[in-house]
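I have placed the structure first, in the form of structure tokens, so that the comments after it can refer back to it.
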2 protein chains.
Amino acid sequence: MTISRKEFLKLSAGTLAATAAGGFFSFLDAPAGFAEDILHSERIRKVHDHIAENKARHIARVQEYLRQPSVSSWGLGIRECAELLMSYFKRLGCKEVELVKTDGHPGVWAWYDAGAPKTLAYYIMYDIQPFDEKQWSSPPLAANVVKMAPFGDVIIARGAVNDKGADAMVFNALESILEVEGKLPVNIMFTCDGEEEQGSPHFHQVLAPYLDRLKKCNALLMLGPSQDAQGGIEMALGSKGICSLELVCSGKAWGRGPQHRPIHSSRKAILDSPTWRLIKALNSMVAADGNHVLMEGYYDAIRLPNKEELQLYQTLVQKSADQLLVGEKENAKVWMNGWPDAEAVRHLIFDSSLNIDGIWSGYTGPGMATILPDRAAAKLDCRLVPNQEIAAMREVVRRHLDKHGFSDIEIIPLGGGDEWSQTSVKAPAVQAVLSVYKSYGTEPAIWPREAGSSPEAQFTRPPLNLPAVYGGLGHGDRAHSHDEYIVIEGNEKVAGIVRAEQSYVDILYAYANWPV
Amino acid sequence: MTISRKEFLKLSAGTLAATAAGGFFSFLDAPAGFAEDILHSERIRKVHDHIAENKARHIARVQEYLRQPSVSSWGLGIRECAELLMSYFKRLGCKEVELVKTDGHPGVWAWYDAGAPKTLAYYIMYDIQPFDEKQWSSPPLAANVVKMAPFGDVIIARGAVNDKGADAMVFNALESILEVEGKLPVNIMFTCDGEEEQGSPHFHQVLAPYLDRLKKCNALLMLGPSQDAQGGIEMALGSKGICSLELVCSGKAWGRGPQHRPIHSSRKAILDSPTWRLIKALNSMVAADGNHVLMEGYYDAIRLPNKEELQLYQTLVQKSADQLLVGEKENAKVWMNGWPDAEAVRHLIFDSSLNIDGIWSGYTGPGMATILPDRAAAKLDCRLVPNQEIAAMREVVRRHLDKHGFSDIEIIPLGGGDEWSQTSVKAPAVQAVLSVYKSYGTEPAIWPREAGSSPEAQFTRPPLNLPAVYGGLGHGDRAHSHDEYIVIEGNEKVAGIVRAEQSYVDILYAYANWPV
């Protein structure tokens, strides 16, 4: 059952729930057998076979890319990794391959032009998180192939799944198409970020010189391992924005309390305290529950979830409400307000929130030190849903502080400026991915929006306005932790490197053939 | 002009102010010429001469004691220093010299018995602060004699003035009396603390075995350099108590929010925050100004300043209100509520205060880290004035938290339990010190109470109830900082080692001869 946008708007909540029972493939508008016709073609089978035949070479390429360090926060191997990446693009036959200077680590631009009707934008992060080598069972830059139950062979390396190992598999898939077919079925504009692990603070500078070219793109389609350890696939069609701020309350700016450095705490009897002041300011921002935001205008820009988002949500929780957050329950006994799981998922998707990421002032070591600190600071993040914008949110905080007499409290913007992003399930790129999953008989769980944030909005919002989707088989885990891995061999449920690369080929051809 | 306790109670505020104009010696009840008669005696002059003749040996002894490390927080040289100290007491001819075990570093007990009518209790700290040797112009354990304008020769060393160098000068003075007179004019019970720099957490264990003996004491009289760099002398007849607490708010104890470790900050949409909760709890404790405490019962036990304390205060500010806090003005532009200096001094002496020494939660480094912390903590200290007690104050905080729904917030007691202490200016030991200063023509500035805290209350409050006073010439500075020093040569205003040691002799004899 498929539902048009027009029909959607007429649906009552009850109907939505009934529709939800049809599962996620009810959101697919493809002609019957669409993906099967393409994917079972002789041409695609040849590419699949080529991938299987070149497995050893493909594994070696994943290892090569992972063995090149690129730790952005250490400044380790960044330039060398950018150059290795550029060599890959040259091997693909890209017509433009350029290192892009930014105020931080450089980006990379590459344009593959097949003369095809459709053009994809593609986002690549080529940097990795730092690591503490002694915690690893296999060295994080060795990219060794090791056994890991129940997946058989895996590669353990920093960046294995986030994202370099995964990207190397995509490059393998693209090269396989070229080796069999001579050209890709779509044009691709690659935009590569060397600072994703630092919040992509300069990625807009990577895009800026190429915006005119990028306007020709039809979608941001990213390929990679989307399976969990049991083979299940989750998709998210949007992300929240994040407005990160540091609030600093200092005696110096206030003109009261200690001015230049902490003073003996006995002086509290005659001196004001910037620390108490910051607490008063923070206290004024949220209600007694620490959840509801009291700042005027904080919620004003929010649009309610639309019918499509609500129906995706209802399908999601009807399918598996108790499974969606299961991984987090060990560290979270009870959801806010005692919400049941389905309700928690709704709030996780659709609610804006204000968090204290950190707060500090004065002496924080063992025992006591009797000081009256001259400054106190807190890091906050507001998670933003449509149509809350970062700049407007900073203004909300500034106005609130000013109105409550805290105009001396400084606001330092932090982070890379990830705005919210939202793509419709009806976007051809999403439909193409869904059609491939349907042909596999694997129904994904689609979150209308993930609770996290990403630089995706730089593609999905003006001036580019592209739909964005991420799809493909394969599995890896432990991003940002030790023993990060990506599955090479796989099992009945989880795709290994061959099956994963084949799925990337399938998605590209499905999208290329999608009737638009 | 001297004023009896009885007369005091009849005085109006106006009269107090008029009396204050008489200066601090108006508090002295000694017979005319009392100190002069003693100090100009042949016996005392011989002791003075002996000190002058042995200057080189006395300097060497100060160096010897300072060269023995005793950094309590590093555990460096503590036992060896305790043994060196015991050897000094044996040299004095003490009838008991004992190492006293505690749950921390050991204390030392020594009892010198002259068979004299009066017995002093004496407090010695033999530990020193840590140091960062590279910041020092002369190595902190070398105790070199170096030139420092305008004082001539000084000794630079960690502990030079706080307190080991000063104590070595006192030992020199005592030994000089013994060498000339054969015995001291008073009996002395020495109680020595190896953990003063850690807040004296076990000093009560040093006193406990000797309480019966200590009940025979008449006063806690401590000798040492009391002059500032211009030669002025400040005395304080009391100190505030300090109730130090750490408040810990954890998801685990609360049963809400992250339970075991931080969680991704996007989860704030569905999880409560222990950090916001701690802010709400702290906010409830003080008024909007961050100064007035709102906890029920916080102020209840406070007794108003008595006439003597008020008159000392008025004398103090009439004499030099604008000078009393001058050293702090560079780091404190304006006092609380815009108080003028005299008013600030009043509040500094007589007010209880609630300070945040430190607060911390989550990520506090550069940039951002998007986490919802599972715990938040703050260190508080309440400065207590008579009759606020530490245990009662902990109860006030506990009751407040419970009453406001924060019963899960844990209170961890910190610190060594210094209660407030108060001695009357009329105590014979204080009068003896004053009489000596008067004979020198040097009027001290007497604070009825200092704003800081000390273990003094273990002597001045039950079961011992001793008056406590600290006096003597000499100067040193930079305690807890680098290049800590004590003056050896001196100038017209500031006493060098000879004049300082002579003043200790004078005070001991003045007290021994005081008619009680």
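The values are calculated or read from the model by the stated rules, or taken from the named source; none is laboratory data. Owing to the predicted nature of the structure, the values given are computational and were not obtained by experimental measurement. Using ideal geometry, Cβ is built from the backbone for each residue, glycine included, and neighbour counts are taken over all protein chains shown.
For the range B:354-370, the candidate set comprises residues that are assigned to a loop (DSSP other than H, G, I, E, B) and of a type outside the set (A, V, I, L, M, F, W, C); within that set, the residue that is nearest to A:LEU380 (Cα to Cα) is B:THR370. Taking the range B:382-414 as the range and being of a type outside the set (A, V, I, L, M, F, W, C), closer than 28 Å to B:HIS260 by Cα and within 11 Å of chain A (Cβ to nearest Cβ) as the test, the residues that pass are B:HIS404, B:GLY405, B:PRO413. Residues that are buried (at least 24 other Cβ atoms within 10 Å of the Cβ) and acidic (Asp, Glu) were ranked within the range A:484-509; the one that is farthest from A:GLU36 (Cα to Cα) is A:GLU484.
For the range B:456-468, the set of residues classified as in contact (Cβ under 8 Å) with a residue 40 or more places away in the chain and either among the small types (Gly, Ala, Ser) or under 22 Å from B:GLY107 (Cα atoms) (or both) consists of B:GLU456, B:ALA457, B:GLN458, B:PHE459, B:THR460, B:ARG461, B:PRO463, B:LEU464, B:LEU466, B:ALA468, listed by residue number. All conditions but one from (1) of a type in the set (Gly, Ala, Ser); (2) in a loop (DSSP other than H, G, I, E, B); (3) more than 7 Å from every other protein chain (Cβ to nearest Cβ) apply to A:ALA281; the one that does not is (2). Applying the condition of being facing another protein chain (nearest Cβ under 7 Å) and surrounded by fewer than 20 Cβ atoms within 10 Å (Cβ to Cβ) to the range A:329-338 and asking which residue is modelled with the highest pLDDT yields A:VAL334. Selection within the range A:297-320: residues that are at pLDDT 95 or above and small (Gly, Ala, Ser). The member of this set that is nearest to A:LEU237 (Cα to Cα) is A:ALA301. Annotation note: Cβ proximity below 8 Å between a residue of the range A:48-65 that is assigned by TED's automatic domain parsing to the domain that holds A:TYR504 and more than 21 Å from A:GLU484 (Cα to Cα) and a residue that is modelled with pLDDT of 95 or more and of a type in the set (Ser, Thr, Tyr) (sequence gap 6+ or interchain) occurs for A:HIS50/A:SER176; A:ILE51/A:SER176; A:ASN54/A:SER176. Filtered by the rule that a residue be touching a residue at least 12 places away in the same chain (Cβ under 8 Å) and either closer than 20 Å to B:GLY241 by Cβ or of a type in the set (S, T, N, Q) (or both), the range B:359-377 gives B:SER361, B:THR370. Look at the range B:232-245: where a residue is basic (Lys, Arg) and a partner is assigned to a strand (DSSP E or B), sitting 6+ places away or on another chain with Cβ atoms under 6 Å, you get B:LYS240/B:ARG383; B:LYS240/B:LEU384.
Selection of the range B:324-344 for residues being in a helix (DSSP H, G or I) and farther than 30 Å from B:LEU247 by Cα yields B:LEU324, B:VAL326, B:GLY327, B:LYS329, B:GLU330, B:GLY338, B:ASP341, B:ALA342, B:GLU343. Against the numbered list (1) buried (at least 19 other Cβ atoms within 10 Å of the Cβ); (2) over 21 Å from the mean Cα position of the chain (by Cα); (3) under 21 Å from A:ILE177 (Cβ atoms), A:ALA512 comes up short only at (1).
Residues of the range A:299-316 that are crowded, with 20+ Cβ neighbours inside 10 Å and either within 14 Å of another protein chain (Cβ to nearest Cβ) or in contact with an Asp or Glu (Cβ under 7 Å, 6 or more places away or on another chain) (or both): A:TYR313 alone. Taking the conditions (1) under 26 Å from the mean Cα position of the chain (by Cα); (2) without any contact (Cβ under 8 Å) to a residue 12 or more places away in the chain in turn, A:ALA143 satisfies each one other than (2). When A:ILE359 is tested against (1) at pLDDT 95 or above; (2) farther than 30 Å from B:GLU197 by Cα; (3) of a type in the set (Val, Ile, Thr), exactly one condition is not met: (2).
Of all residues in the range A:265-275, none satisfies the criterion of being more than 7 Å from chain B (Cβ to nearest Cβ) and surrounded by fewer than 24 Cβ atoms within 10 Å (Cβ to Cβ).
Of the residues B:SER424, B:SER453, B:SER407, B:SER481, which single one is touching a residue at least 24 places away in the same chain (Cβ under 8 Å) and surrounded by fewer than 23 Cβ atoms within 10 Å (Cβ to Cβ)?
Values: B:SER453 fails: surrounded by fewer than 23 Cβ atoms within 10 Å (Cβ to Cβ); B:SER407 fails: touching a residue at least 24 places away in the same chain (Cβ under 8 Å); B:SER481 fails: touching a residue at least 24 places away in the same chain (Cβ under 8 Å).
The unique qualifying residue is B:SER424.
The set of residues in the range A:252-267 being farther than 19 Å from A:ASP402 by Cβ and either part of a loop (DSSP other than H, G, I, E, B) or not aliphatic (A, V, I, L, M) (or both) consists of A:GLY257, A:PRO258, A:GLN259, A:HIS260, A:ARG261, A:PRO262, A:HIS264, A:SER265, A:SER266, A:ARG267. What number of residues within the range B:107-138 satisfy the criterion of being out of contact with any Ser or Thr (no Cβ under 9 Å at 6 or more places or on another chain), under 25 Å from B:ILE507 (Cβ atoms) and hydroxyl-bearing (Ser, Thr, Tyr)? Matching residues across the range B:107-138 total 2. Taking (1) in contact with a Ser or Thr (Cβ under 6 Å, 6 or more places away or on another chain); (2) surrounded by 19 or more Cβ atoms within 10 Å (Cβ to Cβ); (3) at negative phi in turn, A:GLY257 satisfies each apart from (3). As for the range A:268-286, it holds no residue that is of a type in the set (A, V, I, L, M, F, W, C), modelled with pLDDT under 95, assigned by TED's automatic domain parsing to the domain that holds A:CYS382 and in contact with a helix residue (DSSP H, G or I) (Cβ under 8 Å, 6 or more places away or on another chain). When B:SER320 is tested against (1) under 22 Å from the mean Cα position of the chain (by Cα); (2) touching a residue at least 12 places away in the same chain (Cβ under 8 Å); (3) surrounded by fewer than 22 Cβ atoms within 10 Å (Cβ to Cβ), exactly one condition is not met: (1). Please verify whether the range A:285-308 includes one or more residues that are in contact with a Ser or Thr (Cβ under 7 Å, 6 or more places away or on another chain) and over 23 Å from A:ASN337 (Cβ atoms). Among the residues of the range A:285-308, at least one is in contact with a Ser or Thr (Cβ under 7 Å, 6 or more places away or on another chain) and over 23 Å from A:ASN337 (Cβ atoms), which makes the answer yes.
Across the range A:247-264, the qualifying residues are those that are of a type in the set (Gly, Ala, Ser) and facing chain B (nearest Cβ under 9 Å), and the one among them that is nearest to the chain's Cα centre (by Cα) is A:GLY251.
When A:TRP276 is tested against (1) assigned to a strand (DSSP E or B); (2) without any contact (Cβ under 8 Å) to a residue 60 or more places away in the chain, only condition (1) is not met. For the range B:357-364, the criterion of a residue being hydrophobic (A, V, I, L, M, F, W, C) and closer than 30 Å to A:LEU354 by Cα is satisfied by at least one position. For the range A:341-376, the tally of residues that are within 8 Å of chain B (Cβ to nearest Cβ) and touching a Ser or Thr at 6+ places or on another chain (Cβ under 7 Å) stands at 15.
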